[in-house]
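Below is one structure, written out as structure tokens, with a few remarks after it.
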Amino acid sequence: ITRGIDKLGRAARQIGVVGTVLAGVSFVGPMQQASAFEQSLRDVAITAEVPRASVNAFIADMDKGLEDLALKTGQLSEGLSEAVGEITAATGNADLAKGLIDPVSRTATAANAAVSDIAAVAISMSRNLNVPVDEIEDNLGRLVIAGKLGSFELKEMAKFFPQLTAQMGKL
């Protein structure tokens, strides 16, 4: 009986250790995601040349805005921050990226496409086709409709759109 109780005690301790390890591991993933998200926002701030004293306020503002937008559009906040980074890197303007991320995110949801692909479409519209920023949302909507009517949806179109518009811009 003593040996049986002793074995049971050792097994309970091992289960306790395994449980503690699993609990620790379950917190590591979300912590790494939060850290990566904050780092991507910090990268955006650096790319946009936000003054050092304003970086934390910039990150807090972007964090709240992107989290709210993620909930509203059903997108992942990490994907939104990457798209903001891509737009900022392409244009050098974080305010423009803030303005474009809402229609880009909503269009990505409507087209069942990756946010980064739709961000590339918006960038190429602005750069290659000289579409004014305030008209990009309407034009993204037109592309969604045209894609559905032409059986070549925006999700697929987005892969080729930047290269096509670059060539069209040369013409």
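The values are calculated or read from the model by the stated rules, or taken from the named source; none is laboratory data. Computed from a predicted structure; not experimentally measured. Heads up, the Cβs are rebuilt from the backbone with ideal geometry, glycines too, and the neighbour counts pull from every protein chain shown. What goes into the accessible areas is simple: the full protein's heavy atoms, side chains included, and nothing from ligands, DNA or RNA. Shrake-Rupley method; radii C 1.70, N 1.55, O 1.52, S 1.80 Å.
Okay, residues lined up against (1) outside any helix (DSSP H, G or I); (2) surrounded by fewer than 20 Cβ atoms within 10 Å (Cβ to Cβ); (3) in contact (Cβ under 8 Å) with a residue 60 or more places away in the chain:
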residue	(1), (2), (3)
Ile123	no, no, no
Val131	yes, yes, no
Asp138	no, yes, no
Gly147	no, yes, no
Ser151	yes, yes, no
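Residues in region 155-170: is at least one part of a helix (DSSP H, G or I), open to solvent by 50 Å² or more (accessible area, probe 1.4 Å) and touching a helix residue (DSSP H, G or I) at 6+ places or on another chain (Cβ under 6 Å)? Please lay out each step first, then the result.
Let us first name the residues in region 155-170 that are part of a helix (DSSP H, G or I), namely 155-157, 161-170.
Filter once more, keeping what is open to solvent by 50 Å² or more (accessible area, probe 1.4 Å): 155-156, 163-164, 167-168, 170.
Keeping just the survivors that are touching a helix residue (DSSP H, G or I) at 6+ places or on another chain (Cβ under 6 Å) gives 155.
Yes, because at least one residue in region 155-170 is part of a helix (DSSP H, G or I), open to solvent by 50 Å² or more (accessible area, probe 1.4 Å) and touching a helix residue (DSSP H, G or I) at 6+ places or on another chain (Cβ under 6 Å).
Matching residues to (1) open to solvent by 10 Å² or more (accessible area, probe 1.4 Å); (2) modelled with pLDDT under 85; (3) closer than 21 Å to Ile145 by Cα:
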| residue | (1), (2), (3) |
| --- | --- |
| Gly65 | yes, no, no |
| Asp68 | yes, no, no |
| Gly74 | yes, no, yes |
| Glu78 | yes, no, no |
| Ser81 | no, no, no |
| Asn93 | yes, yes, no |
| Ala111 | no, no, yes |
| Ser116 | yes, no, yes |
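Going by the conditions given, is Ser54 in a helix (DSSP H, G or I), open to solvent by 20 Å² or more (accessible area, probe 1.4 Å) and farther than 23 Å from Arg127 by Cβ? I'd like the intermediate steps shown before the answer.
Numbers: in a helix (DSSP H, G or I): yes; open to solvent by 20 Å² or more (accessible area, probe 1.4 Å): yes; farther than 23 Å from Arg127 by Cβ: yes.
Yes, satisfied.
Taking Ala89 and the conditions (1) within 16 Å of the chain's Cα centre (by Cα); (2) open to solvent by 50 Å² or more (accessible area, probe 1.4 Å); (3) under 20 Å from Val44 (Cβ atoms); (4) without any contact (Cβ under 8 Å) to a residue 40 or more places away in the chain, which numbered condition does it fall short on, given that it satisfies the others?
The one condition Ala89 does not meet is (4).
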